[in-house]
Every structure is written in C-alpha cells, then in structure tokens.
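Working notes, beginning with the structure itself.
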Amino acid sequence: MEKRPTQVLSFVVGAIASGEYGVGDRLPTERELAELCGVSRSSVREALSILSALNIVDRRVGNGTYVRTSDETILTLALELAQSEGTLKETFELQRILEVGVVELAARKMAPGKLVPIEQAFEEMERACVESDIEAYFAGDRKFHLAVARATGNALLEQNVLGLLQRMDQPLWRSVKRYFINRSSEYLKRSLLDHQRLLQALRVRDTALARRVMEDHFERIEQEIFDAEE
C-alpha cells in the first residue's frame with residue numbers, strides 16, 4: 001500500500017513531469033493538495049519538505065510553493081528515495097521513541113569514563129558549528145548519539161541506535177537536514193544548544209532532565225519539519 005506522503009509526491013512529481021506545472025509555476029495550496037490526494041495536511045507538508053530538500057520546489061512562507069525544476073532524473077530520484085527509505089515521519093517517530101528512552105537510561109547509568117567520548121563528540125560539533133561545516137557537524141552528531149547509546153551498557157540498544165543512525169545517513173534524510181540548515185542560520189546553533197543541555201543533564205545523572213531535553217529537542221524538530229506552514 002502506498003504511503004500517504006508518497007501519494008502526494010507521486011501526484012506533484014507526475015504533474016510536473018507531464019508539464020501541468022512548469023518551472024516557476026505555483027502549486028496548489030496545502031489544503032488543495034490534501035483534498036486532491038485524499039490525505040491530511042501533515043502528509044502534504046512531509047511530501048513538500050522532501051521536494052524542497054531535493055530542490056524540486058521552493059516553499060515561500062506566506063506565498064505558497066513554486067516549481068524549481070522539471071528535470072526528469074531528479075523527479076525520478078525523488079520518488080525512488082521516498083519509496084525506498086520509508087516516510088520521514090516514520091523514521092522520525094522511531095528515532096523519538098528510541099532516543100528518549102536511551103538518554104534516560106544513559107543518565108541513570110552514567111559514569112565519568114563514559115562521559116569522555118560524549119564530551120569529545122560535543123567539542124567536534126562546537127567547532128563545526130563555529131566553522132559552519134555541515135558535514136563535520138553531522139559526523140560529530142553521529143558520534144555523540146552513538147556514545148550516549150554505549151553509555152547505557154545495553155548492547156541491543158546500541159545496535160538499534162547504530163542502525164537508526166545509518167538509516168538517517170541515507171540521501172533523503174541528509175538532503176532534508178541540509179535544507180533546514182541552509183534555510184535558517186540559527187538551525188545549527190539551536191541543535192548545538194539542545195546537545196549542550198543534554199550533556200549537562202548526563203553529567204549530573206539527572207534522568208528527568210535528560211528525558212525532558214530530548215523530548216523538547218524532538219518537539220522543535222517536528223514543528224520545523226512537519227508543521228511548517230506555507
């Protein structure tokens with residue numbers, strides 16, 4: 001069964017490929033796309049986030065969504081990526097459930113030696129943020145979350161976090177993250193601040209604070225990616 005965001009992707013990509021919408025044309029509104037495809041506006045926003053990340057459309061706050069390219073190769077790639085990697089929402093929900101529990105357990109079991117690789121990864125992220133080096137920031141972020149998972153002392157959790165990080169290192173997720181980083185000069189700074197707060201919670205073994213920081217982090221990401229208005 002085709003996933004709902006993919007239904008919207010198929011509709012928009014098909015309309016662009018057929019010439020119904022050309023470069024520079026404005027697409028139907030979120031509400032209109034939701035009605036045309038028989039899906040929720042949340043599914044429409046997820047699909048538009050993917051298309052924006054791949055530079056197929058340009059979302060202008062308060063002014064709608066416009067076609068940026070009709071290149072057949074890029075349009076085909078968009079469909080292949082979305083269908084092969086599952087929806088962004090599904091991956092996000094999995095990450096949220098897994099990592100909130102991981103940080104809580106890590107805080108409970110934290111020991112001085114386990115903090116060292118987490119702090120080293122955070123320092124890498126700090127340098128990358130100062131230098132606006134997105135790839136280095138991604139690398140530091142992966143090390144940070146894997147080190148937190150290792151701090152739980154639970155090999156199964158560590159394996160699951162590693163698998164999730166590898167999934168999120170695939171082209172679609174990387175494109176989406178780059179899109180939101182490039183759209184806002186404050187994105188990396190907000191992300192770094194979230195990680196700093198989490199590190200502080202881990203240092204004092206505050207399980208409630210660690211959980212709250214991670215929940216706040218995911219709430220912000222959800223609003224930025226899935227609840228963005230036209």
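Any read-out appearing in this document is the output of simple, stated calculations on the displayed coordinates, not a laboratory observation. Because the structure is a prediction, the values reported are computed rather than measured. With ideal geometry, Cβ positions are generated from the backbone for all residues, glycine too; neighbour counts draw on all protein chains shown.
Quick look at the values:
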quantity: Tensor-based shape of the chain (alpha-carbon gyration tensor, a/c under 1.5 rounded, otherwise prolate or oblate); calculated: prolate
quantity: Spatially near lysine pairs across the chain, Cα under 28 Å, sequence gap of 8 or more or different chains; calculated: 11
quantity: Computed [θ] at 222 nm, helices only, for the chain once each DSSP H run of length n ≥ 4 contributes -39500 (n - 2.57); calculated: -24500 deg cm²/dmol
quantity: Placed amide H near T29: partners under 5 Å, 5+ positions off or other chain; calculated: none
quantity: R0 of 22 Å, Cβ-Cβ distance E219-V61: FRET efficiency to nearest 0.05; calculated: 0.60
quantity: Shape category assigned to region 88-225 from the gyration tensor of Cα positions, a/c cut at 1.5; calculated: prolate
quantity: Amide H contacts of V57 (H built 1.01 Å from N, under 5 Å, at least 5 apart or other chain); calculated: S52, R68
quantity: Neighbourhood net charge (9 Å Cβ-Cβ; Lys/Arg +1, Asp/Glu -1) for Y66; calculated: +2
quantity: Separation in nanometres of the label points that stand 7 Å from Cα toward Cβ, at S132 and D169; calculated: 2.7 nm
